[in-house]
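The values are calculated or read from the model by the stated rules, or taken from the named source; none is laboratory data. None of these values were measured; they are calculated from a predicted model. Cβ placement follows ideal geometry from the backbone for every residue including glycine, while neighbour counts extend to all protein chains displayed. Remember, those area values only see protein heavy atoms, side chains included, never the ligands or the DNA or RNA. Shrake-Rupley method; radii C 1.70, N 1.55, O 1.52, S 1.80 Å.
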Amino acid sequence: MTTTAEPTTTELGKARTRKEDARLITGRTRFTDSITPHGTLHLHVVRSPIAHATITSVDKSAAEASPGVIGVFTAADLGVEAVGLPCAWPITPDMKAPQRPLLASSTVHFAGEGVVVVVARTAAEARDAGDLVEIDYDALEPVLDMEAALAEGATLVHPDLGTNENATWVFDSGAAGTGASVDEAIAAAEADPDSIVLRRRFRQQRLIPAFMEPRSCVVDPTGEQITVWAATQVPHILRTMTTVTLGVPESKLRVIAPDVGGGFGGKIGVLPEEMLCVAIAQRLGKPVKWTETRSESLLAAHHGRDQIQDLTITAKKDGTVTGLDVHLLADMGAYLGLVGPGVPILGAFMFNAIYKIPALKFTCTNVFTTKTLTDAYRGAGRPEATFGIERIMDELAVELGRDPMDLRKQNWITHEEFPFTTVVGLTYDSGNYEQATDQAMATFDYAGLRREQEERRARGDKVQLGIGISTFTEMCGLAPSRVLGSLAYGAGGWEAASIRMLATGKVEVITGASAHGQGHETAFSQIVADQLGVPFEDVEILHGDTQISPKGLDTYGSRSLVVGGIAIVKAAEKVVAKAKKLAAHLLEASEDDIEFNAGQFTVRGTDKGKAIQELAFAAFMAHDYPEDMEPSLDSDAVYDPENFSFPHGTHLAAMEIDTETGKVSLRRYVCVDDIGNVVNPLIVEGQVHGGLAQGIAQALFEEANYDDQGTLVNGTFVDYTLPSAADLPSFESSTVSTPATSNPLGVKGVGEAGTIASTPAIVNGVIDALRHLGVTNVEMPTTSQRVWRAIQEAKGNSTQETPIDTHSPGAGLGSIDPNNPQGEVQ
Amino acid sequence: MIPAKFDYVRPSSVEEAVTALRDAGEDAKILAGGQSLLPVLRLRLAAPSVIIDLGGIADLRRISEDGDRIAIGAMAPHHDVMRDDLVKQHVTLLSQATATVADPQVRHRGTLGGALAHADPAGDLGAVALALDAEFVIAGASGTRTVGASEFFVDYFTTAIGEGEILTQVRFPKYTGWTSHYEKFNRTAQAWSMCAVAVALRLDGGSIAEARVGLTNMGTTPIRASGVEAALVGQQASADAARAAAEHATEGTAAPSDADAAADYREHLARVLTGRAVLAAAG
Ligand SMILES: Cc1cc2nc3c(=O)[nH]c(=O)nc-3n(C[C@H](O)[C@H](O)[C@H](O)COP(=O)(O)OP(=O)(O)OC[C@H]3O[C@@H](n4cnc5c(N)ncnc54)[C@H](O)[C@@H]3O)c2cc1C
């Protein structure tokens, strides 16, 4: 029995650097694409360049004759025409769900959909042969605009469904009995001279998750189990869904998610390419690999957001909000992703945010278009809702002539009111909006910046200052299984953990929550070190392989710590209980007299004791143990949370706008997040920073644009604008803690907080800087061009339209439009 | 990256390169820093049969003083140009503009010659070369010839470099003692110019004795803003003069429209940025 270091008892709250970082940052690790079993064949998918078309002919002959080619297959060739990819979230019983094929057979429904797959000895040969596949298309009318898609006589994406509407999902607090009726609230406000009714339309542009590691899949069919390596967030779900999709018995599948380079929701799906890999590997009896290029990733991996939000808010003129009516149109794209239809629905529970809104109605219509499908993207439904409510709270403040923070304060749940059951029936267990806000306002010097803003306005400065506020909350830690059941979600929300006490006193922890960059290995080790009183270095976290961790529901929705971490705590408690029993036996004491502290089991009032490592060894030797006990300390737990977790925070942005050019600059960003107890502040800071960058990017930089033919015009990193560190200031982020009461660690999720909170803070700040010039809205991303046009429009000058459907120069391609090259390149 | 197949040669002299180019025929492509060529190959927007890499010709990286000129080898990377003392002293504007190109990684690979031969109208260095009357030394099978900047930029991605020819050197007159500024406007810190204005001024007392002004991304080639230059010469270096001259900024331009900026906005930017660039150059 050995220990490598003194046991620590205070891992929680320690800013440890991440133990996984050395291998991840240096690349000395294995991502899916770096795994190549002997004899691997390579797949290349030939994709439709057209959004909507009938396939009239496929000529494979030249490709088949190309060097190194093993086969060129259509869906019919593979016999997979009848196979449909799963959608696990039928939000209504009569939801319209087109079957998404592995390869399009007769009609393509979005640009980027696969039609033919080439199998060759090398990836280069597969790619070369792909260029030789001749596919003829008869173009059909693309369906691009959600409102037009719902109009009478619209071209149908899937004519057999008879409509472009996937489903309409309604929540009405009046009908549900969780609150009052919004219709009545609006009628009352309209009739009351002391009330106002405010209507606004906001747009959530389409975004691309843009994870760093492209998607990849390797399948080796040569063992007793078919082994699938995939760059996925959801190895367990992928295994079950492969069975559901292809009929391979679950016991015959082993799915491994090795190190995965980011996901942000973008790797939550079950991909046609993954299913093709399995089907082709089985057919050929050889390992196969598919790794997408960056442009394939941007074009064909699912997108996020894309909503039109029509909001009506009612309030008394004293500022009390009396109702909120939400109408959403959500673009599903051409098919339904694994949880796609449910993503906007998650927002239903968050539009009331931190406010005591007595009446809320949420109506969401999901629409099919001939675009890339949408699904979960960091925050999934909650950023959209938070944007809507935080933007309209600012609008209401302007309308009522109130300071926007004062108006929020007047309406939010005060800290004495927790636990608080909201208008949508959720119970917020804990929170303290006053505390986070006070700290943020003080750090920001809100009053000072408001003064500066006044001065600049008075002087008519070229550069104007705007202050943006977002006091957000979110629901995360997905999720209580029964709640998911009530929403017709196709799975539970529990998580599994096992702890193995090795003979030498080391600890192996198995979690079903497999990380893709978040730092689970470090945070979970810290938890276990504290729970068992063993050194941090003695804990190994195993995950991401269904042979090692057979049970799990994976990583998304800020669930890993608050669900997966708690499962680990529960397993640790069982280990301690077993160890206690063994200790009592060996120390010849009553179990009631055994105390456990910092890895030591001692007999109360004596200096007799055993370390947990000694007990692990004793259990392994099994020479002497109680009659009514198995000789093992190993323990399993499955934890189903009883509630969501409700982190919150106050985010403040100081925006500077050059009114001559429209250039928007983020001068300062202050945020104070309440995420309960913190396991590792360094990881928290990283999550917040990355989240902020992504949320700010939605406000300022990113947008996936389609032209009128349904071509994604900025489907490469050349012109899909992601910010770099040089575009963002040093964030002033900090935390306060109101521990969650819904779990034993008092923790809340943090993975999505920054993304959810920041977008409205930035846009509110942009508009606040321009409000005195008569500007009331700027669509996202708030580019310099849009800002300049908004200023011109407010001045009554007419300008051109912002032409978003064209290439703009970027990266190595400069002015060369990859969709429409000319001149120099042939 | 999986480009289409190509052959690769790495000559060690300009003569060898010219021969290789002749042997390869019209399907050959020259590789300088690869920062523009490789993305094109990667996306298979071009599929040359032979790539001729100039990276093995050490001479082409040299920056030297040649009488009243500063001679910069075509293969001098942006990073070297930006840091070079001769360039800083005598062709300050080039150094300033080069510092705004992309990011450090790209600047270490991409070359002055590659950027100018590529002739992307959104590229930052064309406007500088044009405004400063650079000369381009071009080698071919029949020897070398020199082309002035006003003839070098022909059209969108098209220069005076003919088939079988290689740009070997760019020669800048010395602008010792001039003041200058490159005003670049872009969407993100390391992005291409939506519009940019290059200004060099020779000040005499408080007034502008000579002016050179070039515009980036305001047409299919870099553009010399002669109207602005004319309006500046003889004026006091003042905000009013800058503003008045900036009104001429869009003369002779044909602003492109793209997602970042439609033509009207780009024209507006050209005026605003010209005013700012002149003021900044005037100090
Ligand atoms: C991410 C990114 C951002 C960028 N941002 C900017 C920017 O902000 N501003 C800017 O100006 N540029 C920018 N660039 C382009 C950069 O300046 C490139 O370096 C330049 O355009 C090409 O130079 P190169 O040496 O890499 O040439 P290459 O890519 O090797 O070649 C480019 C073309 O020129 C030809 N060529 C090269 N050298 C010669 C020669 N000596 N004789 C004849 N033909 C030749 C090649 O055949 C090819 O057609 C960016 C590039 C990247 C990748």
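List of remarks:
- Residues that are among the polar types (S, T, N, Q) and in a helix (DSSP H, G or I), drawn from segment A:158-214: A:173
- Residue in segment B:227-238 that is away from chain A (no Cβ under 14 Å) and under 18 Å from the mean Cα position of the chain (by Cα) present: no
- Residue list for segment B:40-62, restricted to those being crowded, with 20+ Cβ neighbours inside 10 Å, farther than 18 Å from residue B:139 by Cα and touching a residue at least 40 places away in the same chain (Cβ under 8 Å): B:41, B:48
- Looking only at segment A:99-138, residues that are more than 14 Å from chain B (Cβ to nearest Cβ) and open to solvent by 20 Å² or more (accessible area, probe 1.4 Å) come to 12 in all.
- Filter result for the condition that a residue is open to solvent by less than 50 Å² (accessible area, probe 1.4 Å), touching a strand residue (DSSP E or B) at 6+ places or on another chain (Cβ under 9 Å) and not aliphatic (A, V, I, L, M), over A:673, A:640, A:636: A:673
- Where residue A:778 falls short, out of the listed (1) under 27 Å from residue A:306 (Cα atoms); (2) surrounded by 17 or more Cβ atoms within 10 Å (Cβ to Cβ); (3) facing chain B (nearest Cβ under 7 Å): (3)
- Tally of residues being of a type outside the set (Gly, Ala, Ser) and open to solvent by less than 30 Å² (accessible area, probe 1.4 Å) across segment B:145-161: 5
- For residue B:90, the stated conditions hold: it is touching a Lys or Arg at 6+ places or on another chain (Cβ under 7 Å) and more than 13 Å from the ligand (Cβ to nearest atom).
- Taken as a whole, segment B:63-72 holds no residue that is open to solvent by 40 Å² or more (accessible area, probe 1.4 Å), away from the ligand (no atom under 11 Å from the Cβ) and over 16 Å from residue B:134 (Cα atoms).
- Filter pass, residue B:115 being assigned to a loop (DSSP other than H, G, I, E, B), within 14 Å of chain A (Cβ to nearest Cβ) and within 8 Å of the ligand (Cβ to nearest atom): no
- Residues of segment A:443-460 satisfying the condition of being open to solvent by 20 Å² or more (accessible area, probe 1.4 Å), in contact (Cβ under 8 Å) with a residue 60 or more places away in the chain and closer than 16 Å to residue A:767 by Cα: A:457
- Residue tally, condition of a type in the set (A, V, I, L, M, F, W, C), under 12 Å from residue A:565 (Cβ atoms) and open to solvent by less than 10 Å² (accessible area, probe 1.4 Å), over segment A:500-547: 5
Results for (1) of a type in the set (A, V, I, L, M); (2) within 8 Å of another protein chain (Cβ to nearest Cβ); (3) open to solvent by less than 80 Å² (accessible area, probe 1.4 Å), shown as yes or no for each residue.
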site: B:5; (1), (2), (3): no, yes, no
site: B:15; (1), (2), (3): no, no, no
site: B:19; (1), (2), (3): no, no, yes
site: B:26; (1), (2), (3): no, no, no
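- Candidate set: segment B:28-51, residues that are more than 8 Å from the ligand (Cβ to nearest atom) and outside any loop (DSSP other than H, G, I, E, B); chosen: the one nearest to the other protein chains (Cβ to nearest Cβ): B:42
- Screening segment A:10-94 for helices (runs of 4 or more DSSP H) wholly inside it with 2 or more residues that are open to solvent by 20 Å² or more (accessible area, probe 1.4 Å) and more than 27 Å from residue A:246 (Cβ to Cβ) returns the ranges A:21-26, A:61-64.
- Scanning segment B:89-106 for residues that are in a helix (DSSP H, G or I), under 16 Å from the mean Cα position of the chain (by Cα) and closer than 14 Å to residue B:132 by Cβ gives B:92, B:93, B:94, B:95, B:96, B:97, B:98.
- Among the residues of segment A:707-742, those identified as over 30 Å from residue B:190 (Cβ atoms) and within 22 Å of the chain's Cα centre (by Cα) are A:735, A:740.
- Remark: residue A:147 falls outside the filter, which requires a residue to be over 28 Å from the mean Cα position of the chain (by Cα), surrounded by fewer than 24 Cβ atoms within 10 Å (Cβ to Cβ) and outside any strand (DSSP E or B).
This table checks each residue for (1) surrounded by 19 or more Cβ atoms within 10 Å (Cβ to Cβ); (2) more than 32 Å from the chain's Cα centre (by Cα).
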position	(1), (2)
A:549	yes, no
A:577	no, yes
A:591	no, yes
A:608	no, yes
A:612	yes, yes
A:617	no, yes
A:622	no, yes
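- The number of residues in segment A:787-826 that are at the interface with another protein chain (Cβ under 10 Å from one of its Cβ atoms) and either outside any loop (DSSP other than H, G, I, E, B) or within 19 Å of residue A:202 (Cα to Cα) (or both) comes to 11.
- The one condition in (1) open to solvent by 50 Å² or more (accessible area, probe 1.4 Å); (2) part of a helix (DSSP H, G or I); (3) not polar (S, T, N, Q) that residue A:236 fails to fulfil: (1)
- Criterion violated by residue B:84 - all others in (1) closer than 25 Å to residue B:196 by Cα; (2) open to solvent by less than 10 Å² (accessible area, probe 1.4 Å); (3) more than 8 Å from the ligand (Cβ to nearest atom) satisfied: (2)
- Residue A:770 meets the conditions (1) out of contact with any Ser or Thr (no Cβ under 7 Å at 6 or more places or on another chain); (2) part of a loop (DSSP other than H, G, I, E, B) in every case but one. The failed one is (2).
- Residue check for residue A:497: open to solvent by 40 Å² or more (accessible area, probe 1.4 Å), of a type in the set (A, V, I, L, M) and out of contact with any Pro (no Cβ under 9 Å at 6 or more places or on another chain): no
- Selection count where residues are free of Cβ contacts under 8 Å to residues at least 24 places away in the same chain and outside any strand (DSSP E or B), scope segment A:585-620: 12
- Segment B:143-194, residues that are hydroxyl-bearing (Ser, Thr, Tyr) and within 16 Å of the ligand (Cβ to nearest atom): B:144, B:146, B:156, B:158, B:159, B:168, B:182, B:188, B:193
- If you go through segment B:244-259 and pick out every residue that is under 19 Å from residue B:120 (Cα atoms) and within 14 Å of chain A (Cβ to nearest Cβ), you end up with 6.
- Filter result for residue A:626 (assigned to a loop (DSSP other than H, G, I, E, B), modelled with pLDDT of 95 or more and open to solvent by less than 20 Å² (accessible area, probe 1.4 Å)): yes
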